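Notes for the one structure printed next.
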Amino acid sequence: MHNDIKEILFTKQEIDMMVHKIASQINEDFKGEELIAVIILKGSMIFAADLIRCLTVNVKLDFMQASSYGSGTTSSGVINIKKDIDTDIKGKNVLLIEDIIDSGNTLNLLKQEMQSRGAKTVKIASLLSKPDRRVVDIEVEYIGTDILDEFVVGYGLDMDEKYRQMDYIGILKPEIYM
Ligand code: PRP
C-alpha cells in the first residue's frame with residue numbers, strides 16, 4: 001500500500017466485480033444496438049479501459065475532456081470543453097463514462113451537450129458516486145457504488161495528478177491534502 005494512503009477502500013478484486021456488474025447491465029440494455037462510449041478524461045481512462053473490454057455490444061470509442069464552471073447550486077453552470085469528440089453522435093446511443101460523480105455539474109452539462117447534438121439516448125456510467133456532494137439532480141444509469149465524502153485516489157483518481165496508476169482505490173491521509 002502507498003505510504004500516503006490511510007485505508008484501502010476498494011481492492012482490485014472489488015473494483016473488478018463492480019466493473020463486471022456495470023458491464024453486464026450495459027450488455028443487457030444495449031443488446032443488438034450500437035454504442036458510442038465517450039470517455040471523460042483523464043480520470044476515467046482506467047475504468048473505461050476495463051469496462052469496454054467486458055462489453056459484448058458493438059461499441060465505438062471517443063474522448064472528451066471538460067470541466068464545469070457555475071453557480072455550484074444550480075444546473076445553470078457552463079461547460080468548458082478542453083478536448084472534444086470527433087464522432088457525429090446524431091441519432092446514436094451515447095454512454096458517458098466517468099470515474100466519479102461529485103456535484104454532478106460536469107455530467108449534467110455534458111449530458112445536455114450530447115442531447116443538444118442530437119444523440120438518440122445519453123446514459124451515464126460512473127464507477128463511484130458521492131451522493132452527499134450532489135448539487136444537481138442527475139440520473140445515473142450505471143453506478144459501481146456510492147461512497148462517503150472522502151478524498152479517494154487510485155484507479156484513475158488523482159490528487160494533483162498523482163496516484164492515478166494505483167490498481168486499488170484508497171483514502172488519502174488528511175495530512176497529504178490539508
Ligand atoms: C472529476 C471527475 C468528473 C468531475 C466530477 O474530474 O472525473 O469529471 O470531477 O465532479 P462534479 O460531479 O463535481 O462535476 P476532474 O475535474 O478531477 O478531472 P480528471 O478526471 O482529469 O482528474
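The values are calculated or read from the model by the stated rules, or taken from the named source; none is laboratory data. In this text, all values refer to a predicted model and were calculated from it rather than measured experimentally. Every residue, glycine as well, gets a Cβ built from its backbone with ideal geometry; the counts of neighbours run over all protein chains shown. Protein only, heavy atoms only, side chains kept; ligands, DNA and RNA dropped before computing areas. Shrake-Rupley method; radii C 1.70, N 1.55, O 1.52, S 1.80 Å.
Things worth noting here:
- Residue, farthest from the chain's Cα centre (by Cα), within region 142-159, restricted to residues that are touching a residue at least 40 places away in the same chain (Cβ under 8 Å) and in a loop (DSSP other than H, G, I, E, B): GLU150
- For region 2-24, residues that are part of a helix (DSSP H, G or I), open to solvent by less than 70 Å² (accessible area, probe 1.4 Å) and within 11 Å of ASP167 (Cβ to Cβ) total 2.
- Boolean, ALA66 is within 14 Å of the chain's Cα centre (by Cα) and within 23 Å of LYS90 (Cβ to Cβ): yes
- Filtering region 131-141 to residues that are open to solvent by less than 90 Å² (accessible area, probe 1.4 Å) and not in a loop (DSSP other than H, G, I, E, B) leaves only PRO131.
- Residue list for region 101-130, restricted to those being in a strand (DSSP E or B) and either open to solvent by less than 40 Å² (accessible area, probe 1.4 Å) or in contact with a Pro (Cβ under 8 Å, 6 or more places away or on another chain) (or both): ILE101, VAL122, ILE124, ALA125, SER126, LEU127, LEU128, SER129
- Of all residues in region 97-121, those that are within 12 Å of the chain's Cα centre (by Cα) and on the phi > 0 side of the Ramachandran plot total 1.
- Top-ranked residue of region 60-71 - restricted to ones that are part of a strand (DSSP E or B) and surrounded by fewer than 17 Cβ atoms within 10 Å (Cβ to Cβ), ranked as modelled with the lowest pLDDT: TYR69
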